[in-house]
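Read the structure below first, then the notes.
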Amino acid sequence: MARSTRSSRKQVGEGAHLPNWVQWWAVIASVLVTLDCVYVFKVAYGSYFKQLLPSFINDLWTWYGESDVQYSASGRGMANSNGWVITQSKFNTVEVACQLAFLFLPRGSADALLFILFGSICTLWKTLLYMSIIIHSSDPVAMVPLLACFGYEALPENKSQVSLALKRDSCLAHAFKFQFNFWWILVPAVITVVVFDRIRTRFRSKTL
């Protein structure tokens with residue numbers, strides 16, 4: 001009987017471990033989001049953060065900023081976002097902290113599960129807000145030139161800017177760059193569902 005109880009508890013404990021891909025996501029997302037924060041702070045606050053950012057990373061983010069004007073290296077998009085881009089980057093530091101806590105805490109522990117759940121919900125919510133801001137802006141096409149590839153038109157005063165962006169990169173290139181945003185919706189959403197299920201299971205088994 002005792003052996004059966006120990007075996008049952010072991011199985012419950014093992015079941016609490018998240019899939020390995022969640023750990024890989026936490027590692028990759030922590031690195032990329034940290035670089036993202038440094039890039040935004042460099043544009044917003046100047047040369048100090050520029051020294052922290054390798055030149056090729058800066059070039060990549062600058063290239064991305066041609067497809068998502070809020071990230072433009074000129075800072076114009078950030079200024080027009082009413083502080084949103086800088087604010088969300090500051091909150092990104094909290095998400096990175098949650099992901100790192102998850103990585104360093106014992107696998108399957110209650111603390112690890114709660115940290116990755118909280119961080120994933122924050123990431124999901126913030127990215128959805130980011131998308132909503134683009135959709136409800138006065139000129140979504142000026143913010144995301146890719147929309148012009150689907151037949152949408154920018155305001156007259158922004159048409160030349162959008163045309164120039166589409167000359168630099170094809171619609172396919174703009175789509176490739178912007179699609180990364182959707183991973184920051186899809187993956188955190190899946191993690192939230194998976195972790196919620198693990199926590200619910202552990203409450204039911206009275207092991208949490």
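The values are calculated or read from the model by the stated rules, or taken from the named source; none is laboratory data. Keep in mind that this is a model prediction, so the values were computed, not measured. Cβ sites come from the backbone with ideal geometry, for glycine too, and all protein chains shown count toward neighbours.
Points to keep in mind about this one:
- Residue match in the stretch 1-15 (condition: touching a helix residue (DSSP H, G or I) at 6+ places or on another chain (Cβ under 8 Å), modelled with pLDDT under 90 and not in a helix (DSSP H, G or I)): no
- Of the residues making up the stretch 24-57, those that are part of a helix (DSSP H, G or I) and small (Gly, Ala, Ser) are ALA26, ALA29, SER30, ALA44, SER47, SER55.
- Qualifying residue in the stretch 92-107 (condition: under 30 Å from LEU166 (Cβ atoms) and in a helix (DSSP H, G or I)): yes
- Residues (outside any loop (DSSP other than H, G, I, E, B) and modelled with pLDDT under 95) located in the stretch 108-121: ALA110, ASP111, ALA112, LEU113, LEU114
- Filtered by the rule that a residue be over 22 Å from LYS126 (Cα atoms) and small (Gly, Ala, Ser), the stretch 161-197 gives SER163, ALA165, SER170, ALA173.
- Hits in the stretch 163-179 - residues which are of a type in the set (Phe, Trp, Tyr) and without any contact (Cβ under 8 Å) to a residue 24 or more places away in the chain: PHE176
- Considering VAL144, VAL190, the condition of being out of contact with any helix residue (DSSP H, G or I) (no Cβ under 7 Å at 6 or more places or on another chain) and under 29 Å from TRP25 (Cβ atoms) is satisfied by VAL190 alone.
Residue-wise test of (1) under 19 Å from LEU146 (Cα atoms); (2) surrounded by fewer than 20 Cβ atoms within 10 Å (Cβ to Cβ).
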{"residue": "THR62", "(1), (2)": "yes, yes"}
{"residue": "VAL69", "(1), (2)": "yes, no"}
{"residue": "ARG76", "(1), (2)": "yes, yes"}
{"residue": "PHE91", "(1), (2)": "no, yes"}
{"residue": "ALA97", "(1), (2)": "no, yes"}
{"residue": "LEU103", "(1), (2)": "no, yes"}
{"residue": "SER109", "(1), (2)": "no, yes"}
{"residue": "SER120", "(1), (2)": "no, no"}
{"residue": "LEU128", "(1), (2)": "yes, yes"}
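- Out of PHE203, PHE182, one residue alone is free of Cβ contacts under 8 Å to residues at least 40 places away in the same chain, under 20 Å from GLY77 (Cβ atoms), out of contact with any Cys (no Cβ under 9 Å at 6 or more places or on another chain) and surrounded by fewer than 18 Cβ atoms within 10 Å (Cβ to Cβ). It is PHE182.
- Residue in the stretch 22-31 that is out of contact with any Leu (no Cβ under 8 Å at 6 or more places or on another chain), modelled with pLDDT under 95 and surrounded by 12 or more Cβ atoms within 10 Å (Cβ to Cβ) present: no
- Qualifying residue in the stretch 138-150 (condition: touching a Pro at 6+ places or on another chain (Cβ under 8 Å), surrounded by 14 or more Cβ atoms within 10 Å (Cβ to Cβ), hydrophobic (A, V, I, L, M, F, W, C) and closer than 22 Å to THR87 by Cα): no
- Number of residues in the stretch 153-198 that are assigned to a helix (DSSP H, G or I) and either of a type in the set (A, V, I, L, M, F, W, C) or under 20 Å from the mean Cα position of the chain (by Cα) (or both) equals 29.
- For the stretch 143-152, filtering for residues that are out of contact with any His (no Cβ under 7 Å at 6 or more places or on another chain), within 16 Å of TYR71 (Cα to Cα) and assigned to a helix (DSSP H, G or I) leaves 1.
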